[in-house]
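Everything below concerns the one structure shown next.
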Amino acid sequence: MGDNMLYFINSDNSLQNFNLESSNDNKNYLLSRYFSWKGNMQGDWLTKEVTSNIIGIGSQNPLIAYILSNVKDFNSENPDSILKWKKSYQRQIEFIRWLQSSEGAIVGVAQYSSNNDIPDKASYFYNLVFSKNSKEENNNLFSTQCFVFESLAELYYITKDRDVEIIINKWLNWVLSVFHLTSDGLFKIPNKLSFEGQPKSWIPTNSIEKHRNDKLNVIVEDYNNSIGVAASLSKILLLMGKKTNNEDYLTIGRDILEKIEVTSKDDQGYSVSETFYQYRQFNKKLPIPEDFKGLYGRSSKINDKSTFISIRSYYKKDKDWKKINDFLNKGTPVPTFKYHRFWEQCEILSAQGLYSQYYTKHYPKPKCCKPYVCEAAMKMGYRCCNTCEIKFIDENIKYGYENGEWCGIPDECYEPTILCKHATRFGFPCCDTCELQYIDDFGNWGFENDNWCGISPNMCDPFYTEKNTKCQKVEGYECCKECKVVTEEDNIKWGYENENWCVIPYSC
């Protein structure tokens, strides 16, 4: 199979002749999206090979190239094949780095430079040229990024390749600046991406670290809450957290899985409500040649008047078909359904398996100070645990088990570090105050010292500021604003402010 896959790394011209032994100089050593043969509708034998003219990251898998060239059990009997996969391994890593934006995302694709419409100031990667045609390879979707970087994270876990580490770290820094865990128990994850500019032409003698694309920038066009993509991101964070001992990666990777488990699990698996405007395409006419007649699966007739739904009449037997039919024919609102996609179930369960394999006995330490705060569990009459090991989750409340009794997991255990990364990623500082001047998709902004600055949730979001000032409840007394302890009685620390006694906050 590895030998057969070498057809994917032939150049466009050599593939037309289907010549596996074509000159190595004529190969780009990157995987194209597909190759195939084609024939005519009269049933004549296949006469010509077809391959994609577009090369993107979605088709690359340096982990496979590494295994086929370095793991003995997977080596070809042909030594030349092993050498080609070694070359492909390095070329794929270079290619991903070539398309890495200044922020860290991978954008754009490459095409063969034989086209006549190549711009004068084009950016080159060996015999390929940079292209903005991202649709064929789905490079404009964040999901593609995750699937490729999962392979890179697995590769790094095995090899600890320094070049791979540089690429992944830059990508994760960008991801954690645009990925948000939200207060409603879910998350906002990037969906469609666009970009401005183009990369620098690749210099083969340069190192991975030296190549930087200062004039290639990514833009997050919109967000969604795809649980499958989030699970894929979780696997990347868990792999890198384990290999680099990065507890922030571990914490966020685990938080993603917990949020999916709590908010998206039902009797059939995992799903979220989705609204698709694409249902309007059901009545769209299909591009069938005039006068052609044939049969589709399940004996549906195909002709030049066929539509998407006409050849899928079994859809109309679904119990919810009326909702779509009313949308198509009566103008009712776009239907909303919960889809249980097989690939999403696989991503979630494999992420859970990865977490179980690597982190079953690994728990972070509480980030704050005793006595710990576990507000939801305390309201139910439980004390707070002294560790972060979760034994049970009920109604979104996390419980541990210590000294023969149940206890609430401290709130501090599972709160990822909050910074004003939405500002620092663009070179702006964090604000010293909370005066709001502007809001965009990245976050809240202030203006201080003649410069824009990012407003930090740590300082200004009531959810966090109120938590940092909470104290033990004593009837008739408020929490202190400062941490100066005047006296201590019955394990309660007291302060004195504005001629009134007050209780010292836990955070002190």
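Each reported figure results from applying straightforward, stated rules to the coordinates on display, with no laboratory input. The structure presented is a predicted model; accordingly, all values stated were derived computationally and were not measured. No Cβ is skipped: glycine too gets one built from the backbone with ideal geometry, and neighbour counts run over all protein chains shown.
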Distance (nanometres) between label positions extended 7 Å along Cα→Cβ at Leu349 and Asp267: 1.9
Of the residues Val272, Asn303, Asn283, the Cα lying farthest along the dipole of segment 260-310 towards its positive end, which is defined by charges on the beta carbon of Lys, Arg, Asp and Glu, belongs to Asn303
I need the phi-derived Karplus couplings for segment 78-90: 6.51 cos²θ - 1.76 cosθ + 1.60, θ = phi - 60°, integer Hz, Gly and Pro marked x. 8, x, 5, 5, 4, 5, 5, 6, 4, 5, 5, 4, 5
Return the long-range amide H neighbours of Leu286 (sequence gap of 5 or more, or a different chain), with a cut-off of under 5 Å between placed amide H atoms. Ser306, Thr307, Phe308
Cβ-based net charge around Lys338, under 9 Å, with every Lys or Arg adding one and every Asp or Glu removing one: -2
Which pairs, out of Lys210/Lys242; Lys87/Lys235; Lys84/Lys188; Lys192/Lys259, put more than 30 Å between their alpha-carbon atoms? Lys84/Lys188
Local electrostatic count at Ala351 - Lys and Arg +1, Asp and Glu -1, tallied over other residues with Cβ under 14 Å: -2
Grab the alpha carbons of segment 273-338, take their convex hull, and tell me the volume per residue in Å³. 89
From the residues Asn140, Asn225, His211, which one has its Cα farthest along the dipole of segment 122-272 in the positive direction, the dipole being from +1 and -1 charges on Cβ of Lys/Arg and Asp/Glu about the Cα centre? His211
Ranked by how many other beta carbons lie within 10 Å on average, peptides 140-153, 261-274 from highest: 140-153, 261-274
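Ordered by packing density, taken as the mean number of other Cβ atoms within 10 Å over each peptide's residues, highest first, how do 289-301, 388-400 rank? Before the final figure, lay out the partial values.
Details: 289-301: 9.9, 388-400: 15.5.
By packing density, highest mean first, the sequence is 388-400, 289-301.
Based on the mean of other Cβ atoms within 10 Å per residue, sort peptides 474-480, 229-235 so the most packed one is first.
229-235, 474-480
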Output ³J(HN,Hα) for segment 102-112: one whole-Hz value per residue in order, computed from phi by the Karplus curve 6.51 cos²θ - 1.76 cosθ + 1.60 with θ = phi - 60°, and x for Gly and Pro. 4, 7, x, 6, 9, 9, x, 9, 10, 9, 5
